[in-house]
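The values are calculated or read from the model by the stated rules, or taken from the named source; none is laboratory data. Keep in mind it's a predicted model, so treat the numbers as computed, not measured. Every residue, glycine as well, gets a Cβ built from its backbone with ideal geometry; the counts of neighbours run over all protein chains shown. These accessible areas exclude ligands, DNA and RNA; they are computed on the full protein's heavy atoms, side chains included. Shrake-Rupley method; radii C 1.70, N 1.55, O 1.52, S 1.80 Å.
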Amino acid sequence: MEEKDILVHACCGPCSTASIERLLEDGWNPVLYFSNSNIYPLEEVQRRYDALEKVARTYSLQVIHEHYNHERWLESVKGHEGEREGETRCSLCFAFNLKEASLKAEELGFRHFTTTLTVSRFKNSKRIFSVGEQFPGFEQIDFKKKGGFEKSVRLSKELGLYRQHYCGCEFSMHK
Ligand code: SF4
């Protein structure tokens, strides 16, 4: 691995667009990692993965697709199902996905990893950072800065990407 190689936990295609552009501008060599066992149902996982693949092709990047295990994710947020978005369930959810990314980075020999989750204006970047810093190699990059969120909306439209209307899990639907 090169010093600037970075494994990027990618939550979906739209959030990845602006994140990839920022990483490339900053001299990183990103490899995308789709590991999102929080997403429900399975058809939605496929829709988001298809959009991410399109993004990966656009930027000529590799994308690694992790095994989906929603049951294990449900176990990790047990007792917090009824909470509103942004509460403890979401921190547990970030921890679940970022731990997967950290383990994958270690397995593949990456010295750095990060997540596209910070693009969203609906997600608190500081909270994501406080979860991420528990894991070795985590890079705190706030992708919503420098107009990142607006850029992701524009690029998604240009590429004709599927854009979801809920965060991901069944508890975030219809809210
Ligand atoms: S609302 Fe989003 S961040 Fe929160 S637990 Fe559900 S999928 Fe995870």
Along the dipole axis of region 21-175 (charges at Cβ: +1 for Lys and Arg, -1 for Asp and Glu; origin at the Cα centre), the most positive-end residue among Gln62, Leu32, Cys167 is Cys167
So between Lys157 and Leu74, what do we pick up on full extension, going 0.36 nm a residue minus the alpha carbon distance? 26.6 nm
Using the basic label-point model (7 angstrom from Cα toward the beta carbon), what is the Met173 to Glu81 distance in nanometres? 1.3 nm
Accessible area per residue for region 5-172 in Å², computed with a 1.4 Å probe and the full protein assembly in place, what is it? 47 Å²
Assigned charges on the beta-carbon of Lys, Arg, Asp, Glu; region 5-172 dipole about Cα centre (debye): 560 debye
Could you put Val119, Val63 in order of accessible surface area, largest first, with the 1.4 Å probe and the full protein assembly present? Val63, Val119
Length released on extending from Leu103 to Thr88, taking residue separation times 0.36 nm less the Cα-Cα span: 3.2 nm
Report, in deg cm²/dmol and to the nearest 500, the calculated mean residue ellipticity at 222 nm for the chain, where each DSSP H run with n ≥ 4 adds -39500 (n - 2.57) and the sum is divided by the residue count. -14000 deg cm²/dmol
Estimated inter-spin distance, His165 and Leu24, nm [label 7 Å along Cα→Cβ]: 3.2 nm
extent check for region 19-127: Cα max minus min per principal axis, descending, whole Å, gives 41, 30, 28
Given the candidates Val8, Thr118, Gly147, the one whose Cα lies deepest towards the positive end of the charge dipole of the chain, counting +1 at each Lys or Arg C-beta and -1 at each Asp or Glu C-beta, is Gly147
Filter the GluC sites (Glu not before Pro) in region 61-118 to those in DSSP coil with at most 16 other Cβ atoms within 10 Å of their Cβ, and list the result. Glu66, Glu81, Glu83, Glu85, Glu87
Rounded to the nearest 5, what is the percent of antiparallel bridges among the DSSP beta bridges in the chain? 0 percent
How much net charge surrounds Lys146 when only the other residues with a Cβ under 15 Å from the Cβ of Lys146 are counted, with Lys and Arg +1 and Asp and Glu -1? +1
Could you compute the FRET efficiency for Glu2 and Lys126, with r as their C-beta to C-beta distance and R0 at 30 Å, rounded to 0.05? 0.55
